[in-house]
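Colleague: Mind looking over this structure? Questions follow.
The values are calculated or read from the model by the stated rules, or taken from the named source; none is laboratory data. Predicted, not measured: the structure shown is a model, and the values here were computed from it. Reconstructed Cβ throughout: ideal geometry from the backbone, glycine too, with neighbour counts over all protein chains shown. In case anyone asks, the SASA skips ligands and DNA or RNA and just uses the protein heavy atoms, side chains included. Shrake-Rupley method; radii C 1.70, N 1.55, O 1.52, S 1.80 Å.
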Amino acid sequence: KSFPMKQFICMLLLALLAACAKELPFDPIEKFREAEEKMQKFRYEEARKAYQEIQEKAPDRSYDADIMLRIADTYYGEEKYSEALVEYQAFINFHPVHRDASYAQYQIGMCSYQELTTIDRDPAITRAALKEFQNLLVKYPGSPYEGEAKKYIAICKDRLAEYELYVGKFYHKKGSYQAALGRLEKLMQDYPGSAAEKDALYYIGLSYQERGDKAKAISAFENLAARYPDMANEAGKHITKLKGP
């Protein structure tokens, strides 16, 4: 007979506890700590939901710099680079002079850099990455990310030069020597000292040679030999041929 009464009391206590739980105030600081723990364990989606819950339940913290940056980092951690880029840009829009603004700018560049493919593909993403790394140097001079940005700028320029070389060689193979020269000479002008420069000079010489412009062909091969001693013999053969009867 006492069992139903005990059951009733238990049910009543559970109901009261549930009601109290509902009335507990939302603690954004505790939720942030919880989200940070999830970040440390690489549970990015769970962490993001916790950060977003703070934005929803604590409107005064909707544009909190740390939360915005962390949400961007969760997307980057999941390799969702397009989404991450949008969030990093939003952070800079709201917090352009924040202590972490240079980090956000660096990450914008990295979002594009992480999506680079082979050099024979459209170089638009490479150009985007290059632009953002250059923006970092201009907007945040002396930042902790300056050295890394310069390294990636050099890599991006080399990739763009390799792309121009790829297109130039393609035109040369087709016999479109003027088009080849256009791309190769652009490479020399836009990316001096790049890894592709040696081959560009060689194909510039070949293209002028095929067009019958001996003077420019000789000049290109002489330039090649002077800059790259390992190509001196090969360049010399073409020069001898061009100067011969």
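Colleague: Hey, if we sort LEU137, LEU206 by accessible area with the 1.4 Å probe, largest down, what's the order?
Modeller: I get LEU137, LEU206, largest accessible area first.
Colleague: What FRET efficiency do you get for LYS49 and GLU148 if R0 is 25 Å and r is their Cβ-Cβ distance, rounded to the nearest 0.05? Display every interim value, and only then the final one.
Modeller: Working: r = 30 Å, r/R0 = 1.22.
Rounded to the nearest 0.05, the efficiency is 0.25.
Colleague: Label-point separation (nm) for ILE29 and ALA195, each offset 7 Å from Cα along Cα-to-Cβ?
Modeller: With each label placed 7 Å out from Cα toward Cβ, I get 5.1 nm.
Colleague: Which of LEU69, ALA124, ALA149 sits closest to the plus end of the dipole of the chain, meaning its Cα is farthest towards the positive end, when Lys and Arg get +1 and Asp and Glu get -1 on the C-beta?
Modeller: Selected residue: ALA124.
Colleague: Please give the helix 214-227 orientation as an angle from the longest Cα principal axis of the chain, in degrees from 0 to 90, rounded to the nearest 10.
Modeller: Helix 214-227 sits roughly 60 degrees off the main axis of the chain.
Colleague: If you take the square roots of the eigenvalues of the alpha-carbon gyration tensor of the range 54-106 and sort them as a ≥ b ≥ c, do you get rounded (a/c under 1.5), prolate (a/b over b/c) or oblate? Please list the in-between numbers first.
Modeller: Values: a/c = 2.20, a/b = 1.19, b/c = 1.85.
Oblate is the answer for the range 54-106, as a/c is 1.5 or above yet b/c matches or exceeds a/b.
Colleague: Can you give the charge dipole size of the chain about its Cα centre, rounded to the nearest 20 debye, using +1 on the beta carbon of Lys and Arg and -1 on the beta carbon of Asp and Glu?
Modeller: Computed charge dipole of the chain: roughly 740 debye.
Colleague: Looking at PHE94, SER82, ILE239, which one has the Cα that reaches farthest to the positive end of the dipole of the chain (charges on Cβ: Lys, Arg +1; Asp, Glu -1)?
Modeller: ILE239
Colleague: What is the angle, in °, between the Cα long axis of helix 2-23 and the longest principal axis of the Cα atoms in the chain? Nearest 10 is fine, range 0 to 90.
Modeller: Orientation of helix 2-23: about 50 degrees from the principal axis.
Colleague: Moving on to the next point. Could you tell me which of rounded, prolate or oblate describes the range 48-158, using a ≥ b ≥ c as the square roots of the eigenvalues of the alpha-carbon gyration tensor, with rounded for a/c under 1.5 and, failing that, prolate when a/b is larger than b/c and oblate otherwise?
Modeller: Values: a/c = 2.98, a/b = 1.63, b/c = 1.83.
It comes out oblate by the Cα gyration axes.
Colleague: Let me ask something else about it. At 0.36 nm per residue, and after removing the present C-alpha to C-alpha distance, how many nm does the segment from GLN178 to ASN223 gain when stretched out fully? Could you put the intermediate results ahead of the total?
Modeller: Working: separation 45, 0.36 × 45 = 16.20 nm, distance 1.96 nm.
Once the chain is fully extended between GLN178 and ASN223, it gains 14.2 nm.
Colleague: Any chance you could give the angle, 0 to 90 degrees and rounded to 10, that helix 146-174 forms with the longest Cα principal axis of the chain?
Modeller: For helix 146-174, the angle is close to 50 degrees.
Colleague: If ligands, DNA and RNA are left out, what is the accessible area of LYS243 with a 1.4 Å probe, given in Å² to the nearest 10?
Modeller: The accessible area comes out at roughly 130 Å².
Colleague: Heavy atoms only, probe 1.4 angstrom, no DNA, RNA or ligands counted: give me TYR63, TYR140 ranked by accessible area, highest first.
Modeller: Details: TYR63 130, TYR140 40 Å².
Order by accessible area, largest first: TYR63, TYR140.
Colleague: Also: For the range 118-163, just say rounded, prolate or oblate: build the C-alpha gyration tensor, square-root its eigenvalues into a ≥ b ≥ c, call rounded for a/c under 1.5, and beyond that prolate if a/b exceeds b/c, oblate if not. Write down the numbers at each step before the final one.
Modeller: On the way: a/c = 3.61, a/b = 2.25, b/c = 1.60.
Prolate is the answer for the range 118-163, as a/c is 1.5 or above and a/b outweighs b/c.
Colleague: Quick one: ranking SER219, SER143, SER176 by accessible area, 1.4 Å probe, largest first, what do you get? The partial results should precede the final answer.
Modeller: Details: SER219 70, SER143 20, SER176 40 Å².
The most accessible residue leads, giving SER219, SER176, SER143.
Colleague: Please work out how much length the chain gains when fully extended from ASP122 to LYS186, using 0.36 nm per residue of separation minus the C-alpha to C-alpha distance, in nm with one decimal. Numbers along the way, then the final one.
Modeller: Values: separation 64, 0.36 × 64 = 23.04 nm, distance 1.68 nm.
Residue separation times 0.36 nm, minus the Cα-Cα distance, leaves 21.4 nm.
Colleague: In this model, which of LYS49/LYS80; LYS157/LYS186; LYS139/LYS198 are farther than 23 Å apart at the alpha-carbon?
Modeller: LYS139/LYS198
Colleague: Roughly speaking, to the nearest percent, how much of the chain's 1.4 Å accessible area is carbon and sulfur?
Modeller: Values: 7930 of 14560 Å².
Carbon and sulfur together cover 54 percent of it.
Colleague: At a Förster distance of 30 Å, what's the computed FRET efficiency of PHE94 paired with GLU115, Cβ-Cβ distance as r, to 0.05? Let's see the in-between values first.
Modeller: Numbers: r = 25 Å, r/R0 = 0.83.
In this case the efficiency is close to 0.75.
Colleague: Solvent-accessible area of LEU160, probe 1.4 Å, all protein chains present, reported in Å² to the nearest ten, please.
Modeller: For LEU160, solvent-accessible area is about 10 Å².
Colleague: List the aspartates and glutamates whose alpha-carbon lies under 20 Å from that of LYS214, not counting same-chain residues fewer than 8 positions away?
Modeller: GLU185, ASP199, GLU222, GLU234
Colleague: Let me ask something additional. Compute, for the range 76-173, the length of the dipole vector about the Cα centre, with Cβ point charges of +1 (Lys, Arg) and -1 (Asp, Glu) only. Units Debye, rounded to 20.
Modeller: Numbers: 12 positive and 14 negative charges, 81 e Å.
So the dipole magnitude of the range 76-173 works out to roughly 380 debye.
Colleague: Can you tell me the accessible area per residue over the chain, all protein chains present, probe 1.4 angstrom, in square angstrom?
Modeller: Values: 14560 Å² over 245 residues.
That works out to 59 Å² per residue.
Colleague: Relative contact order, percent, of the chain when contacts are C-alpha pairs under 8 Å separated by at least 6 residues? Provide the component values of the computation, followed by the final result.
Modeller: Numbers: 265 pairs, mean separation 21.0, N = 245.
Once normalised by length, the contact order is 9 percent.
Colleague: Could I ask something else about it? Can you work out the Karplus-derived ³J(HN,Hα) for every residue in the range 39-48? Use 6.51 cos²θ - 1.76 cosθ + 1.60 with θ = phi - 60°, whole Hz, and x for glycine or proline.
Modeller: 4, 5, 9, 6, 8, 5, 5, 5, 4, 4
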